[in-house]
Amino acid sequence: MSSSARYLNPSDAAERLGISPKALRLYEQRGLIAPVRTAAGWRTYGPVEMARAGEIAALRALGLSLAQVARVLKGEAQDLATALTAHQARLETEAHRIAETVEKVRALRADLAAGEPPRMHELTRLTRPAAEIVAAFDLPWPWGGERFELRDVRPLNYIIGPLGSGKTRFSKAIAEHLPGAVFVDLDRAANDAADARARMETDSALKLRVEQALAWLVEEGATATPALTALLVAIESDADGILVIDMIEQGLHQPSQEAVSVYLRNRGPGARPLFIMTRSSAILDLGAVGPDEAIILCPANHSPPSRVAPVPGAPGYEAVATCLAAPDVRARTEGVIAWRPQVA
């Protein structure tokens with residue numbers, strides 16, 4: 001090991017690359033990178049390893065699966081065409097949104113120059129996402145009808161809480177009060193996902209999108225199952241309404257959950273928003289939450305649901321982390337309900 005080169009531990013390397021330590025481990029597991037080991041056996045990343053990890057992270061940001069990344073790194077560039085086309089579409093969507101915002105600012109400046117100051121709500125909207133959706137409704141039991149306002153909906157919104165916190169009722173309330181929203185329940189994979197397969201047979205475009213997404217996920221390490229097919233049919237459908245998905249990890253083993261997590265993040269800024277209930281650390285990796293994601297916690301004490309920043313020390317962060325568990329732990333505790341004392 002060269003004494004002049006700086007070698008980073010996994011945490012520092014991941015921070016430098018803008019990814020999670022979990023992603024670095026995944027790269028290693030798939031044979032894409034080989035960290036240098038110290039005499040004590042600790043992983044370290046020098047200039048060569050950091051350069052390769054940076055290449056992998058860049059290709060992942062384009063939406064390539066791990067298998068596709070491996071092929072590109074070997075010099076097989078055919079997978080890049082589709083990825084670059086999709087990336088261009090995402091950039092064009094974002095450019096269109098920015099252009100609309102610039103035009104609004106220009107119009108407000110013109111009005112201001114003409115002696116017409118803008119109204120406050122017009123200024124507020126400039127700092128919020130163009131696709132912002134706001135819904136206000138009375139919270140169901142166990143909150144006792146408290147008023148709740150849903151603001152700043154992101155492309156990916158996690159709903160999390162301990163057993164008995166009311167997160168299912170809260171999720172159904174969101175689906176009920178957001179225009180056109182659909183609640184995707186736990187029966188989606190019933191009878192070998194018969195309903196989902198029937199939809200695919202009557203909609204060739206949907207079937208193609210599902211098959212393409214499924215092929216990508218399998219290359220990412222997922223296993224094709226009725227549960228995964230049903231999930232993809234719901235997400236890839238042409239409907240404009242927001243989806244609210246009950247326990248998205250239902251029926252998926254850990255590699256499939258990890259692949260689905262990446263797939264959800266790769267949908268891009270133009271994708272319709274999703275609300276997903278989860279208690280799986282493979283789905284919600286707190287170290288990888290980006291600006292297009294939001295976490296809503298339903299507290300155990302039945303305080304109103306609230307947004308939680310994915311930053312250690314932030315209000316609610318520890319409660320969210322406590323709710324999450326690895327898929328094998330979730331499987332062992334499925335259906336277990338916390339004991340509640342009897343009230344005299």
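One residue alone among A338, A344, A326 is open to solvent by 90 Å² or more (accessible area, probe 1.4 Å) and at pLDDT below 90, and that residue is A344. Within the stretch 35-93, the set of residues being aliphatic (A, V, I, L, M) and not in a helix (DSSP H, G or I) comprises V36, A39, A40, L62, L64, A77.
Considering the conditions (1) at negative phi; (2) not in a helix (DSSP H, G or I), G251 is excluded by exactly one of them, (1). Checking each residue in the stretch 15-27 for being at negative phi and without any contact (Cβ under 8 Å) to a residue 40 or more places away in the chain picks out E15, R16, L24, R25, Y27. Taken as a whole, the structure leaves Q68 outside the set of residues that are open to solvent by 60 Å² or more (accessible area, probe 1.4 Å) and under 30 Å from L214 (Cβ atoms).
Kindly evaluate A234 against the criterion of being open to solvent by 40 Å² or more (accessible area, probe 1.4 Å) and either in a strand (DSSP E or B) or not charged (D, E, K, R) (or both). It is false that A234 is open to solvent by 40 Å² or more (accessible area, probe 1.4 Å) and either in a strand (DSSP E or B) or not charged (D, E, K, R) (or both). None of L73, L59 is within 19 Å of the chain's Cα centre (by Cα) and either crowded, with 17+ Cβ neighbours inside 10 Å or more than 21 Å from V289 (Cβ to Cβ) (or both) except L59. Looking across the stretch 150-161, the residues that are assigned to a strand (DSSP E or B) and either modelled with pLDDT of 90 or more or over 26 Å from I283 (Cβ atoms) (or both) come down to L156, N157, Y158, I159, I160.
Identify the residue in the stretch 162-200 that is assigned to a loop (DSSP other than H, G, I, E, B) and at positive phi and, among all such residues, is surrounded by the fewest Cβ atoms within 10 Å (Cβ to Cβ). The extreme case among them is G180.
The number of residues in the stretch 210-228 being within 22 Å of A86 (Cβ to Cβ) and in a helix (DSSP H, G or I) comes to 12.
Given the structure, is P140 free of Cβ contacts under 8 Å to residues at least 40 places away in the same chain and either open to solvent by less than 30 Å² (accessible area, probe 1.4 Å) or farther than 11 Å from M277 by Cβ (or both)? Here the answer is yes, as P140 does meet what is asked.
Among the residues that make up the stretch 237-259, is at least one of them open to solvent by less than 30 Å² (accessible area, probe 1.4 Å), among the acidic types (D, E) and closer than 24 Å to Y27 by Cα? Yes, there is a match, as at least one residue in the stretch 237-259 is open to solvent by less than 30 Å² (accessible area, probe 1.4 Å), among the acidic types (D, E) and closer than 24 Å to Y27 by Cα. In the stretch 103-125, the residue that is modelled with the lowest pLDDT out of those that are in a helix (DSSP H, G or I) and open to solvent by 100 Å² or more (accessible area, probe 1.4 Å) is R125. Scanning the stretch 202-227 for residues that are open to solvent by 50 Å² or more (accessible area, probe 1.4 Å) and within 20 Å of R30 (Cα to Cα) gives A215, V218, E219, T223, A224. Restricting attention to the stretch 16-55, the residues being loosely packed, with under 14 Cβ neighbours inside 10 Å and either out of contact with any strand residue (DSSP E or B) (no Cβ under 8 Å at 6 or more places or on another chain) or small (G, A, S) (or both) number 11. In the stretch 293-325, what residues are part of a loop (DSSP other than H, G, I, E, B) and in contact with a Lys or Arg (Cβ under 7 Å, 6 or more places away or on another chain)? Hits for the stretch 293-325 are C298, L324.
The values are calculated or read from the model by the stated rules, or taken from the named source; none is laboratory data. Model, not experiment: these values are computed from the prediction. Heads up, the Cβs are rebuilt from the backbone with ideal geometry, glycines too, and the neighbour counts pull from every protein chain shown. Protein only, heavy atoms only, side chains kept; ligands, DNA and RNA dropped before computing areas. Shrake-Rupley method; radii C 1.70, N 1.55, O 1.52, S 1.80 Å.
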